[in-house]
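Accompanying notes for the structure given below.
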Amino acid sequence: MQRSHTEKRVQPLLLSDIRLQWKPDVISDDMKLMIHFKIGQPKKTIVSKTVERDFEREYEKLQKLEDQTKKLHKDMKKSTEADLAMSKAAVKISADLLSNPLCEQDQAFLESMTALDTAMKRMDAFNQEKVNQIQKTVIDPLKKYSGVFPSLNMAVKRREQALQDYKRLQSKVEKYEEKEKTGPVMVKLCQAKDELRPVKEDFEAKNKQLLDEMPKFYQSRIDYFQPSFEALIRAQVVYFTEMYKIFSELTDQIDQGGLTDEQRQRETEAKLSELRSLSIVADD
């Protein structure tokens, strides 16, 4: 005898039952409770809770990895752009100082500014080389890695669609199984089972592939990114080693008096006091 609607046992709702691309940070526990049970759910358990939890856990890890990769790519681009802007600004400042009229009147000042301008141009050249290296070894690989995730998300979406088709056809089979076993019903039951079989196989194949490959993909991030991060460190070491050489040479060229920073500060304050004593800058 066919059961009435009120006699049917309500099946637990899994996240995969929701026709959404699953986002763990979007669907809260409270929201899950508010989602209505879908009509036509099969009685047979299609995917066990354990399997579904495993799937969701692995996919959540990959979604976080995608977000982190995109953020790192964006931050690295900002960092290199800021580096270039800094060195270009330093070159502009040294060029402005070199064109100062004082350079035409004071040979010592001209020599100091010439040394500074040369140092800033060398710094800019090494900085450009460092940025180019980081672009090739870090930023470009990050961009390529991010480009893999759309295919992954599409595979998850196809798996979800296959699951919904599987549930729909399984529910259809169960409906005919509950009916009286007449000739026409048995024909429709056989047709429904024939229709279900390839859909079930398709879902199981997609599900197995994702469960097998998502952990492998996540683990592969280490081997993929390690060379990039090592290259980043090497590029920074080379750059700052050269900067130490450049500024050490610059210090030797302009630090003729051998004064300390405190002595220079006192000299500056003394000169400022002399300027303030002039009548044209005295307070009214």
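Does Glu274 satisfy being at negative phi and open to solvent by 100 Å² or more (accessible area, probe 1.4 Å)?
So Glu274 passes the test.
Suppose the filter is of a type in the set (D, E, K, R) and within 30 Å of Pro141 (Cα to Cα); does Arg264 pass it?
No; evaluated as a whole, the condition is false for this residue.
Test each condition in (1) within 30 Å of Asp83 (Cα to Cα); (2) touching a residue at least 60 places away in the same chain (Cβ under 8 Å) for Val237 and report the one that comes out false.
The number of the failed condition is (2).
Scan Phe109, Phe149, Phe126 and give me the residue that is open to solvent by less than 20 Å² (accessible area, probe 1.4 Å) and not aliphatic (A, V, I, L, M).
So the residue among Phe109, Phe149, Phe126 that is open to solvent by less than 20 Å² (accessible area, probe 1.4 Å) and not aliphatic (A, V, I, L, M) is Phe149.
Given the conditions (1) in contact with a helix residue (DSSP H, G or I) (Cβ under 8 Å, 6 or more places away or on another chain); (2) within 30 Å of Glu204 (Cβ to Cβ); (3) at pLDDT below 95; (4) of a type outside the set (Val, Ile, Thr), report the number of the one that Lys61 does not fulfil.
Only one criterion in (1) in contact with a helix residue (DSSP H, G or I) (Cβ under 8 Å, 6 or more places away or on another chain); (2) within 30 Å of Glu204 (Cβ to Cβ); (3) at pLDDT below 95; (4) of a type outside the set (Val, Ile, Thr) is unmet by Lys61, namely (3).
Output the residue which, of all residues in region 90-100 that are part of a helix (DSSP H, G or I) and of a type outside the set (Lys, Arg), is least open to solvent (accessible area, probe 1.4 Å).
Ser94
Do the conditions hold for Ser87, that is, is it open to solvent by less than 50 Å² (accessible area, probe 1.4 Å) and either more than 38 Å from the chain's Cα centre (by Cα) or more than 27 Å from Leu232 (Cα to Cα) (or both)?
no
Restricting attention to region 223-248, which residues are open to solvent by less than 90 Å² (accessible area, probe 1.4 Å) and within 18 Å of Ser94 (Cβ to Cβ)?
Hits for region 223-248 are Glu242, Met243, Ile246, Phe247, Ser248.
Select from region 179-188 the residues that are at pLDDT 90 or above and surrounded by 12 or more Cβ atoms within 10 Å (Cβ to Cβ) and write down the one among them that is nearest to Gly147 (Cα to Cα).
In this case the residue turns out to be Lys188.
Could you please find all residues in region 194-222 being charged (D, E, K, R) and open to solvent by less than 70 Å² (accessible area, probe 1.4 Å)?
The answer is Lys200, Asp202, Lys206, Asp212, Arg221.
Just to be sure, is Ser279 modelled with pLDDT of 90 or more and either polar (S, T, N, Q) or at positive phi (or both)?
Here the answer is no, as Ser279 does not meet what is asked.
The values are calculated or read from the model by the stated rules, or taken from the named source; none is laboratory data. Remember, it's a predicted structure, so these values are computed and weren't measured experimentally. Ideal geometry is used to build each Cβ from the backbone, glycine not excepted, and the neighbour counts take in all protein chains shown. Quick note on the areas: whole protein, heavy atoms, side chains included, nothing else; ligands and nucleic acids left out. Shrake-Rupley method; radii C 1.70, N 1.55, O 1.52, S 1.80 Å.
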